[in-house]
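The values are calculated or read from the model by the stated rules, or taken from the named source; none is laboratory data. Here the structure is a predicted model, which is why all the values come from computation and not from measurement. For neighbour counting, all protein chains shown are included, and Cβ atoms are generated from backbone atoms with ideal geometry for every residue, glycine included. Only protein heavy atoms, including side chains, enter the accessible area calculation; ligands, DNA and RNA are left aside. Shrake-Rupley method; radii C 1.70, N 1.55, O 1.52, S 1.80 Å.
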Amino acid sequence: MKNRVAELRWEREITQEDLADALEVSRQTISSIENGRYNPSLELAFRIARFFGLSIEQIFMFEEDEGK
């Protein structure tokens with residue numbers, strides 16, 4: 001799954017630490033989400049979307065495997 005978390009954070013000049021604090025997660029969680037190593041829970045995805053004032057679909061893009 002791809003996402004725009006880093007892009008949105010940079011546009012708003014928010015550090016990973018600030019976003020993590022606002023969402024009550026670790027900075028490492030934000031880093032892992034941004035780098036595609038971790039897909040957030042549905043609850044966290046909603047909290048991220050709410051923080052940025054966007055829908056989940058505007059932030060997270062699901063990509064099906066090409067081989068299927």
(message) Contact order normalised by length for the chain, with contacts defined as Cα pairs under 8 Å and 6 or more residues apart; what percent is it?
(response) 40
(request) Please find the FRET efficiency linking GLU13 to ARG47, where r is the Cβ-Cβ separation and R0 is fixed at 25 Å, and quote it to the nearest 0.05. (result) 0.80
(request) Would you mind computing Rg(Cα) / (2.2 N^0.38 Å) for the chain, counting N as its residues? (result) 1.08
(request) Taking amide H positions as placed in the peptide plane 1.01 Å from N, state which residues far from ASN3 in sequence (5 or more) or on other chains have amide H under 5 Å from it. (result) MET61
(message) Heavy atoms only, 1.4 Å probe, whole protein assembly: order THR29, THR15 by accessible area, highest first.
(response) THR15, THR29
(request) Leaving ligands, DNA and RNA out of it, rank SER32, SER26 by accessible area with a 1.4 Å probe, largest first. (result) SER26, SER32
(message) Take ILE56 and ASN39, extend 7 Å from each Cα along the Cα→Cβ direction, and tell me the distance between the two endpoints in nm.
(response) 1.1
(message) Quick check: at a probe of 1.4 Å, how many percent of the accessible area of the chain sits on carbon and sulfur atoms?
(response) 46
